[in-house]
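> Pasting a structure here, questions to come.
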Amino acid sequence: DGLTDREFDTFSALIERRSQREPYQYIVGRQEFYGLEFEVTPDVLIPRPETEILVEAAIKHLSKIEDPHFCEIGIGSGCISVAILHSLPTAIAVAGDISKSAIAVTGRNAARHGVATRLALIESNVFTNLPEQPFDAIISNPPYVPSRDVESLQAEVRDFEPLTSLTDGGDGLSIVRCIVVGAPSRLRKGGRLFMEIGFDQSPAVEAIFDRGVWSQVDFLTDLQGFPRIVAALI
């Protein structure tokens, strides 16, 4: 059997969207991440494989703690917090984002995977509206692309993903600095900061940490061997 006229028109419209470099994930409205399916819209970044390394590192740390409590800065689709909560049934989390639309997407993804009652969502610019209670971990995939590099990104990324989730509009490290400086007062002794960074940013990021405050700063590599995750111990 062939396609009906309506099916053919729908299919043609989808092909046209993809030919304009719109990401497949936005066209179908979903992306798999850490074994779970997430709703994605143009209001949020598309979850990427390297971010699973961030999730794995956080789970490894939090799984050793009874009833762990963590905080996420900049949630997007919610893939990080939802994946961690799904893996750790006794964990609870607070997560903040400047985008109301992203918070709405995260809320739906949290409900889809049965973790909404353990995830408090707050509109917040970095730590602005987040509680100052001590967390076992602070986790973030912040906007770290330097503004000078935006133009060279793939068209699918540059032209379709939310710019404020990609870059801080400067050197790519301003929000990283805010997180590193603000995290110690919100971490328990033995707490950790886990943060995704650019493939070539580890020297600059390491220099941000005050070694009088942080007892250990490690970098975890992605599948290509680039240092993509900073894991710092307070």
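> Restricting the search to the range 41-55, which residues are touching a strand residue (DSSP E or B) at 6+ places or on another chain (Cβ under 9 Å) and open to solvent by 40 Å² or more (accessible area, probe 1.4 Å)?
Result: ARG48, PRO49, GLU50, GLU52.
> If a residue counts only when it is open to solvent by 50 Å² or more (accessible area, probe 1.4 Å), which helices (runs of 4 or more DSSP H) contained entirely in the range 92-176 have at least 2 such residues?
Ranges flagged: 100-112, 163-166.
> Answer with yes or no whether ILE179 is open to solvent by 20 Å² or more (accessible area, probe 1.4 Å), assigned to a helix (DSSP H, G or I) and more than 24 Å from THR90 (Cα to Cα).
When the stated conditions are applied, ILE179 does not pass them.
> What pairs come out if I take residues in the range 213-234 that are among the aromatic types (Phe, Trp, Tyr) and pair them with residues that are assigned to a strand (DSSP E or B) whose C-beta lies under 9 Å away, six or more apart or interchain?
Hits for this filter: TRP214/LEU193; TRP214/ALA232; TRP214/LEU233; PHE219/PRO227; PHE219/ARG228; PHE219/ILE229; PHE219/VAL230; PHE219/ALA231.
> Continuing with the same structure: Only residues that are surrounded by fewer than 18 Cβ atoms within 10 Å (Cβ to Cβ) and among the hydroxyl-bearing types (Ser, Thr, Tyr): list them for the range 1-40, please.
Matches in the range 1-40: THR4, THR10, SER12, SER19, TYR24.
> Looking for something over 20 Å from ILE98 (Cα atoms), open to solvent by less than 20 Å² (accessible area, probe 1.4 Å) and part of a helix (DSSP H, G or I) - is there at least one such residue anywhere in the range 182-190?
Checked against the condition, which is being over 20 Å from ILE98 (Cα atoms), open to solvent by less than 20 Å² (accessible area, probe 1.4 Å) and part of a helix (DSSP H, G or I), the range 182-190 yields no hits at all.
> If you go through the range 191-203, how many residues are open to solvent by 30 Å² or more (accessible area, probe 1.4 Å) and among the aromatic types (Phe, Trp, Tyr)?
So the answer is 1.
> While we're here: For GLU32, which of the numbered conditions (1) outside any helix (DSSP H, G or I); (2) of a type outside the set (Lys, Arg); (3) touching a helix residue (DSSP H, G or I) at 6+ places or on another chain (Cβ under 8 Å) fails to hold?
Exception for GLU32: condition (3).
The values are calculated or read from the model by the stated rules, or taken from the named source; none is laboratory data. Not measured: the values here are computed from a predicted model. Every residue, glycine as well, gets a Cβ built from its backbone with ideal geometry; the counts of neighbours run over all protein chains shown. Quick note on the areas: whole protein, heavy atoms, side chains included, nothing else; ligands and nucleic acids left out. Shrake-Rupley method; radii C 1.70, N 1.55, O 1.52, S 1.80 Å.
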